[in-house]
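Beneath this line is the structure, given in C-alpha cells, with notes to follow.
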Amino acid sequence: MNKSFIEQVHYIRIPVKDLARSAKWYTDVLGLQLVNQNEELAAIKVNEGPFLLILIPTEDVTFSHFTVNQEQEFGIGFTSSDLENFHQHLMAYQVKVEEIKEDNGHAFFHFYDPDGNKLQAHW
C-alpha cells in the first residue's frame with residue numbers, strides 16, 4: 001500500500017481524576033484553549049492546528065504514559081522554542097518538573113500534570 005488513508009492525528013485522550021481542575025490546569029498553566037467541556041470530557045485545542053487533547057475523567061489508576069523496564073516514559077511531547085522560560089514558568093506554578101537535559105543538541109525536560117501524567121517539552 002503506497003498511500004495511507006490517515007491524514008493526521010486529530011486528538012489524544014488523557015485520563016484525569018478531576019475534569020474541571022485538569023481543564024483549568026491545561027488552560028491556565030499550559031496556555032491552551034478550552035474548546036468544549038461537559039461531564040464526559042474536556043477538549044483542549046493545541047494552538048492553531050486541528051490537534052486536540054481530550055481529557056477523560058476516570059476513577060481508575062491509569063496514566064497517559066507507559067513504562068519501559070519499569071521506568072516511566074512520557075506519552076505526549078510538546079515543542080517549545082523557549083524551553084528555559086517554559087521550565088521556569090512551570091516551576092513558578094509548582095508543577096512537578098525534572099531538570100532540562102541535552103542529548104546531541106536536543107534539549108528537553110519532563111513534567112507532570114495534576115493527575116501524574118508524564119509529559120515532555122523539547123526543542
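Every read-out reported here was derived from the displayed coordinates using simple, explicitly stated rules and does not represent laboratory data. Quantities reported herein were computed from a predicted structural model and do not represent experimental measurements. Positions of Cβ are backbone-derived with ideal geometry, glycine not excepted, and every protein chain shown enters the neighbour counts.
Of Lys45/Lys101; Lys3/Lys45; Lys17/Lys96; Lys3/Lys118; Lys24/Lys45, which ones are farther than 24 Å apart at the Cα? Don't skip to the end; give the middle numbers.
Working: Lys45/Lys101 27 Å; Lys3/Lys45 28 Å; Lys17/Lys96 17 Å; Lys3/Lys118 33 Å; Lys24/Lys45 13 Å.
Pairs exceeding the cut-off: Lys45/Lys101; Lys3/Lys45; Lys3/Lys118.
Note on Asn104 and Gln72: with the Förster distance fixed at 35 Å, the Cβ-Cβ geometry gives a FRET efficiency of about 0.95. A simple spin-label model places the labels of Gln37 and Lys17 1.8 nm from each other, with each point 7 Å out along Cα-to-Cβ. Can you find, among Gln94, Thr67, Leu53, the residue sitting farthest towards the positive end of the charge dipole of the stretch 50-102, where Lys and Arg contribute +1 and Asp and Glu -1 at Cβ? Working it through, the farthest residue towards the positive pole turns out to be Leu53. Each Lys and Arg contributes +1 and each Asp and Glu -1, all at the Cβ; summed about the Cα centre of the chain, the dipole is approximately 240 debye.
Output the peptides 51-58, 104-111, 92-99 sorted from most to least packed, where packing is the average of other Cβ atoms within 10 Å over each peptide's residues. Spell out each step's value before the answer.
Working: 51-58: 17.6, 104-111: 14.1, 92-99: 12.0.
Averaged packing, sorted descending, gives the order 51-58, 104-111, 92-99.
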